[in-house]
Amino acid sequence: MCSRPPPSLAPGGKMKKFNIRKVLDGLTAVSSPSPSPQLGSKENELIPETLQSEHFQLCKTVRHGFPYQPSSMAFDPVQKILAIGTQSGALRLFGRPGVECYCQHESGAAVIQLQFLINEGALVSALADDSIHLWNLRQKRPAVLHSLKFNKERITFCHLPFQSKWLYIGSERGNIHIVNVESFTLSGYTIMWNKAIELSSKAHPGPVVHISDNPMDEGKLIIGFESGIVVLWDLKSKRADYRYTYDEAIHSVAWHHEGKQFICSHSDGTLTIWNIKSPAKPVQTITPHGKQPKDGKKPEPCKPILKVEYKTTRAGDPFMIFSGGLSYDTVGRRPCLTVMHGKSTAVLEMDYPIVDFLTLCETPYPNDFQEPYAVVVLLEKDLVVIDLAQNGYPIFENPYPMMIHESPVTSCEYLADCPVDLIPALYSVGSRQKRQGYSKKEWPISGGNWGLGTQSYPEIIITGHADGSVKFWDASAIMLQVLYKLKTAKVFEKARCKEEKPSTEIVDEDPFAIQLMSWCPESRMLCVAGVSAHVIIYRFSKQEITTEVVQLLEVRLQYELNDLESPEGGGDQTPAPPTPSTSPSPQTAGPQTHPSTSSNSSDGMRDNIPCLKVRSSPLKQSPGYQVELVVQLVWVSGEPPQQISSLAINSCYGLVVFGNSNGLAVVDYLQKTVLLNLGTMELYGSNDPYQRQLRSPRKSRQPSGGLCDINEGSATSEDRCKSPTSVLSNHQQFYNGGGRGAKMSRKLSLPTELKPDLDNRDNSFSRSRSSSVTSIDKESREAITSFYFCETYTRKADGGLTPSLWVGTSLGTVLAISLNMPPAGEQRLLQPVIVSPCGTLNRLKGSVLRMAFLDSTGSLLPSAFEPWYEPNAPANGEERDKVRKRRPVSVSPSTSQELNENQYAVVCSEKQAKVIALPSQTCVFKHNITETSFVLRADVVQMNTGICVACFCANGHIMTLSLPGLRPLLDVNYLPLTNMRIARTFCFSNLGQALYLTSPTEIQRITYSQEVCENLQEMLGELFTPVETPEAPNRGFFKGLFGGGAQSLDREELFGETGAGKAPRSLAQHIPGPGGIEGMKGAASGIVGDLARARIALDERGQKLSDVEERTAAMMASADSFSKHAHEMMLKCKDKKWYQF
């Protein structure tokens, strides 16, 4: 039973009557030329249009995925928020699953360090350009409040003590400067390197690699210099108490919480533990991974230990956790994190190099038992969280969508407002794919709150990957969660080693990479095209099956049947007739029109062999997507098959069609046969408008009136004058067809001047082996670039609608193929589908990208589809019989009788868009989208109040055009095309949604809908939530009595302007941030408020109590001062007589 969704009429609101005479209204500030209505067609004067330019606005919504090229990390232990900085200056913040945020430093410099102002809703970032920034996290979109740019010194390390407003900054010269994070001004207090080391070393100690205060005494600061010197600095007396020297470079330092010992990690793989009062030598030196020689000598040096953390527990042994330090003879060993706990040492191997790690502890106070419970490990391409509380240190299951790049993304599709039953169906089959062995505990990064979004429609993103996998993601309500993963490579035999790789492969690596995907969400039929010129058709089933033999069709698709020279070079072969040709493998029951010749001819030329070998053993197929049919293009007389440039599936007709720079093939996947296999030239029949440069002069063909069939309506006189040859040369500059040019539909048509630059940058498909097609031949080849299945009028004289396939080519031609379908039910499986080309319908400038159809009221006509049914139900089951009965599709609305036109075809190419009335085939609207650039992606999309064409241009412009009038509604210069990844993955979807891969690991979602932009603030999650800071550890009676507890320090007195004076202005320059007054107001209530205040942010009672406390303290201080003054006065005056005053 095929069904068609009802035409999508605009929900609510009166429809605006759009008069073509007013088409030029409101087109100011639009660079592209205005649409030109084809005058004289009275029936098209009144076409309803509801969308206006005020319905459109462009903004970024959310970024998903793993932060690309991470460089630093920080964690707020009270708010439970994780921050990650990257080498491109990006900042990603993560709370509970579904709460994440992306910010960007304007300079784009690498983030070298991050420090939270714990439980204050603020974050300090230090960048490689020697600037530091204060971010306000108390707003949904964090903003910079202050920046400070150092002019004379390079920043190497920062430290902000808990509950302090003074930030220590170490420099490459070895000096330490102090910044007030409230005002972002420099203190006059500076620790100079020469004063710190004095005569303990003759040489410069190197950059500062560590700063931290003694957990038990804020007045004592430990400074680690790269050369191996550590200094314990007394802030009050402004001198060094002790200096500790070791002959290996230091990478990091960590304190024991009691402040009596610290540990250093060194470049030779050793750890040294020091007593603060014994600077002569370390108490203990350990080489954790070094082989201990028997003769008592020093162990062999190991790789550097880049970072060490030392965390204590009340009940048991402390944890010593470090990265690096492996012995040099462990060649090929993966990067490791080592956890030493008591006598046990666990070496945890990681998949990628370690960038940084942090131990999560129960307390934010450094002077208490730390009680570590997890370790967050930031890798180059992953984020791993290890559970320290369970035996074996299992990892937590990462709930963020961070493995988008598990294999590089090669294609992308986005479907907003999809059928509601799809996400539950995919989730139910995907939940069985989950791995076991994760920690049973809750994910420890759990801060923030979800947004209160009103957006309720389901959204699905599908990503195709280089390893042949396809992932389905639930993208509803600006979240992202993986639903299901399909591995398409399972249907092929895999080479165990490089020597076994078949010589027929046309790419050097990733032979299963997904290039194109076509999906029918209602029937759940999926079709993918891979880089090795293969197409796989999948059905969705909830039941597991075992397929004994994978069904296979092999297709011999040639540019022209008579175009290829024979191996001997002879030119006297008789041209093969242009009949549908196929050579099915013996596995299929299809008829062999052209029987397969031998796989390799006598001289070893590859012929009739596919690029990949389909597996011959039975295939166990789990619930989910199951292989229905594999179609492979074969080598033809030593020529490799050209990669597939366009693909479409229709579940109502049971057909799949694909094309490349040679031609197209239509496959009936129900009967497992090839219905049509035509070179592009055969599609035109005798009316080919192009004079093609063939390699054999004998085969050249004169253009025979090719232009008279093309209904251009009122084409310009310039267009009319052009001969077919001049039209071709005009098109050639936009098109680089066959050979390696035909890698993907959106790569086909890059202008030649852009190509070398883009191809070298980021094109995962630019590795194919050289083809013998000459560049001249490539230029003249015409590739198939788009398809659309529909029930429409294929000829001017048609009185009714017939199933058809519309075809768009790289030279801008739109052709039609008529489909004569047998009756539904059993007859559909027995009688053949009759396919007949109907010739050219229209022509546009540039490659055709997208086609769609409107009814006579201007509403979108979606393709017919068959509803999903369980394919593995019993053969005579009622369910299958029920859905096989076909229902006639009703289309023509009542208005079509008054107008002579029943439908409108919308065709968008790289250069222009056209609306063509059917069946007359007259062009009623035409709009030149761009003169200087070209469109990379175009989609006809449904908005809340109507439909439009959305385009993304190579010059970075995102545009929308009304339908059917093609009025420009939006034109924003958003994102210049910097690499092929964006071109390959950019896609628009319904209701103003769009996305692209902004980096190899991240998806950026954007909206072009005014309504979504307005609701975005509500939908975004809150990063900061009011949480009470835990109580400080109890000092205990004896410690309080004998002064053994934590010593506090009045930093204000030491570092403030009164105590330390002003810093030289030339040292650093203060820059107010774009956070603005509003951000300041939002932050003022909490960011580093006076420490005497009770720290319950946004809690009125707490604030009031705090104010009362402060006032009381102030009053007590003033009363105390008054009594002192009064006493002094009394002493002065007691011996004076009244007249002496």
Some residue of segment 987-1000 being under 19 Å from Leu849 (Cβ atoms), of a type in the set (Val, Ile, Thr) and in contact with a strand residue (DSSP E or B) (Cβ under 6 Å, 6 or more places away or on another chain): no
Selected residue (criterion: modelled with the lowest pLDDT) from residues of segment 966-996 that are open to solvent by less than 10 Å² (accessible area, probe 1.4 Å), touching a helix residue (DSSP H, G or I) at 6+ places or on another chain (Cβ under 7 Å) and of a type outside the set (Phe, Trp, Tyr): Met980
Filtered residues of segment 430-451 (kept if under 24 Å from the mean Cα position of the chain (by Cα) and either of a type in the set (A, V, I, L, M, F, W, C) or closer than 17 Å to Pro399 by Cα (or both)): Gly430, Ser431, Gln433, Lys434, Arg435, Trp443, Ile445, Ser446, Gly447, Gly448, Asn449, Trp450
Flag if Asn955 is more than 13 Å from Leu58 (Cα to Cα), of a type outside the set (D, E, K, R), without any contact (Cβ under 8 Å) to a residue 40 or more places away in the chain and surrounded by fewer than 18 Cβ atoms within 10 Å (Cβ to Cβ): yes
In segment 436-445, residue nearest to Glu1018 (Cα to Cα) [restricted to those that are open to solvent by 50 Å² or more (accessible area, probe 1.4 Å) and in contact (Cβ under 8 Å) with a residue 12 or more places away in the chain]: Lys441
For Val355: the one exception among (1) open to solvent by 20 Å² or more (accessible area, probe 1.4 Å); (2) touching a Pro at 6+ places or on another chain (Cβ under 8 Å); (3) without any contact (Cβ under 8 Å) to a residue 60 or more places away in the chain: (3)
So Pro408, is it surrounded by fewer than 20 Cβ atoms within 10 Å (Cβ to Cβ) and out of contact with any Phe, Trp or Tyr (no Cβ under 9 Å at 6 or more places or on another chain): yes
From the options Arg96, Arg141, residue that is over 30 Å from Val924 (Cβ atoms), modelled with pLDDT under 95, open to solvent by 10 Å² or more (accessible area, probe 1.4 Å) and touching a Phe, Trp or Tyr at 6+ places or on another chain (Cβ under 9 Å): Arg96
Asn136 vs. criteria more than 26 Å from Glu1053 (Cα to Cα), surrounded by fewer than 19 Cβ atoms within 10 Å (Cβ to Cβ) and in contact with a helix residue (DSSP H, G or I) (Cβ under 8 Å, 6 or more places away or on another chain): no
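Every residue, every condition in (1) surrounded by fewer than 24 Cβ atoms within 10 Å (Cβ to Cβ); (2) out of contact with any Pro (no Cβ under 9 Å at 6 or more places or on another chain), yes or no:
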{"site": "Trp635", "(1), (2)": "yes, no"}
{"site": "Ile644", "(1), (2)": "no, yes"}
{"site": "Ile649", "(1), (2)": "no, yes"}
{"site": "Phe658", "(1), (2)": "no, yes"}
{"site": "Asn662", "(1), (2)": "no, no"}
{"site": "Asp668", "(1), (2)": "yes, no"}
{"site": "Gln671", "(1), (2)": "yes, no"}
Members of segment 372-393 that are buried (at least 19 other Cβ atoms within 10 Å of the Cβ) and among the small types (Gly, Ala, Ser): Ala374
Matching strands (runs of 3 or more DSSP E) fully within segment 442-496 where at least 2 residues are of a type in the set (A, V, I, L, M): 459-465, 481-487
Residue in segment 174-181 that is in contact with a Lys or Arg (Cβ under 7 Å, 6 or more places away or on another chain), assigned to a loop (DSSP other than H, G, I, E, B) and buried (at least 20 other Cβ atoms within 10 Å of the Cβ) present: yes
Count of residues meeting criterion [open to solvent by less than 10 Å² (accessible area, probe 1.4 Å) and more than 19 Å from Val657 (Cα to Cα)] in segment 842-854: 4
Wholly enclosed strands (runs of 3 or more DSSP E) of segment 80-135 bearing at least 3 residues free of Cβ contacts under 8 Å to residues at least 12 places away in the same chain and of a type outside the set (Phe, Trp, Tyr): none
Residue list for segment 188-217, restricted to those being under 30 Å from Gly1073 (Cβ atoms), small (Gly, Ala, Ser) and under 42 Å from the mean Cα position of the chain (by Cα): Ser212
Counted residues, segment 153-168 - those being outside any loop (DSSP other than H, G, I, E, B) and farther than 19 Å from Pro366 by Cβ: 2
Segment 455-494 - residue that is of a type in the set (Asp, Glu) and touching a Leu at 6+ places or on another chain (Cβ under 9 Å) and, of those, farthest from Phe988 (Cα to Cα): Glu493
Which listed residue, of Glu371, Glu362, is touching a Ser or Thr at 6+ places or on another chain (Cβ under 8 Å) and within 22 Å of Ser446 (Cβ to Cβ): Glu371
Thr960 being free of Cβ contacts under 8 Å to residues at least 40 places away in the same chain and either in a strand (DSSP E or B) or open to solvent by 20 Å² or more (accessible area, probe 1.4 Å) (or both): no
Only one of Lys165, Lys195, Lys202 that is within 19 Å of Leu114 (Cβ to Cβ) and modelled with pLDDT under 95: Lys165
Within segment 327-344, tally of residues that are open to solvent by 30 Å² or more (accessible area, probe 1.4 Å) and under 26 Å from Pro77 (Cβ atoms): 5
Cβ-Cβ under 6 Å pairs, at least 6 apart or on other chains, segment 819-830 side within 28 Å of Arg795 (Cα to Cα) and at pLDDT 90 or above, far side among the basic types (Lys, Arg) and open to solvent by less than 30 Å² (accessible area, probe 1.4 Å): Pro822/Arg828
Residues (assigned to a strand (DSSP E or B) and under 13 Å from Lys60 (Cα atoms)) located in segment 998-1035: Thr998, Ile1003, Gln1004, Arg1005, Ile1006, Thr1007, Tyr1008, Ser1009
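The values are calculated or read from the model by the stated rules, or taken from the named source; none is laboratory data. In this text the structure is predicted, and so the values were computed from the model without any measurement. All Cβ positions, glycine included, derive from the backbone under ideal geometry; neighbour counts span all protein chains shown. We work out accessible area using only protein heavy atoms, side chains counted, and drop any ligands, DNA or RNA first. Shrake-Rupley method; radii C 1.70, N 1.55, O 1.52, S 1.80 Å.
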